[in-house]
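Note sheet for the following structure.
Just so you know, all these numbers are worked out from the coordinates, no wet-lab data involved. A quick note: this is a predicted structure, and the numbers were derived from the prediction, not measured. Positions of Cβ are backbone-derived with ideal geometry, glycine not excepted, and every protein chain shown enters the neighbour counts.
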Amino acid sequence: MSRLMLRLAGGSLWLALVISLSLLAGVAAAQDNPSPTPAAQRAVTADEVNAIARQMYCPVCENEPLDACRTAACQQWRAQIAQMLSEGQTADQIKQYFVERYGLRVLAQPPAEGNSLLLWVLPLVALFAGGVYVYFLMRRMRARAAVAPPPPASTGDAYVDRVEQDLKNY
């Protein structure tokens, strides 16, 4: 019996040794092979960067477009935009990234939703209301002119009547 146990123990030991070595070999092979490289980055032109930067404002300066501002912060933002474009991100994804970090104030044109919808609709409503007001004002002015009484034929003063007559002739 002891011989059988030694044989089983020896076989199990060999099996454990083979499994351990194969696992270690797999780990060593994984370390030799570098991790897969990220997607090839494409070349990005300054025009592509400025097309997105034109739609954003400088985080430091007031009302300064990102493409025109020369501060260090804007240069970093443009470099970050170029990096994100080279990684294949879209303009909307890039703008969303900056909005999430800095708020809607970085966008040159805020989205037409929520409270900012009033900024888009209110000028049109005011323009329409102004047009309606001018229309009714002109109608009222024409109606008053139509019912205005004719000027008196004679004022009772001979000299004034003669001057009025002369003015009508010329």
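With K and R counted +1 and D and E -1, the other residues having a Cβ less than 9 Å from that of A53 yield a net charge of +1.
The length gained by stretching the chain between L117 and S86 to full extension, at 0.36 nm per residue less their Cα-Cα distance, is 7.8 nm.
Here the calculated FRET efficiency for T45 and L124, from their Cβ-Cβ distance with R0 = 35 Å, stands at 0.40, rounded to the nearest 0.05.
Mean sequence separation of contacting Cα pairs (under 8 Å, at least six apart), scaled by the length of segment 46-106, corresponds to a relative contact order of 30 percent. Put a plus charge on the Cβ of each Lys and Arg, a minus charge on the Cβ of each Asp and Glu, and nothing anywhere else: the dipole of segment 46-106 about its Cα centre is then about 140 debye. Does segment 71-110 come out rounded, prolate or oblate by the C-alpha gyration tensor, with a ≥ b ≥ c the root eigenvalues, rounded set by a/c under 1.5 and, if not, prolate when a/b is larger than b/c and oblate if not? Oblate. If you take all other residues with their beta carbon under 14 Å from the beta carbon of R105, and give Lys and Arg +1 and Asp and Glu -1, the sum is -1.
Which of rounded, prolate, oblate describes segment 46-106, given a ≥ b ≥ c as roots of the alpha-carbon gyration tensor eigenvalues and a/c under 1.5 marking rounded, otherwise prolate only if a/b is larger than b/c? Judged from the Cα gyration tensor, segment 46-106 comes out oblate (a/c at least 1.5, b/c at or above a/b). Rounded, prolate or oblate: which fits segment 63-165 when a ≥ b ≥ c are the square roots of the eigenvalues of the alpha-carbon gyration tensor, with rounded for a/c under 1.5 and prolate only if a/b beats b/c? Taking the square roots of the gyration eigenvalues as a ≥ b ≥ c, segment 63-165 is prolate.
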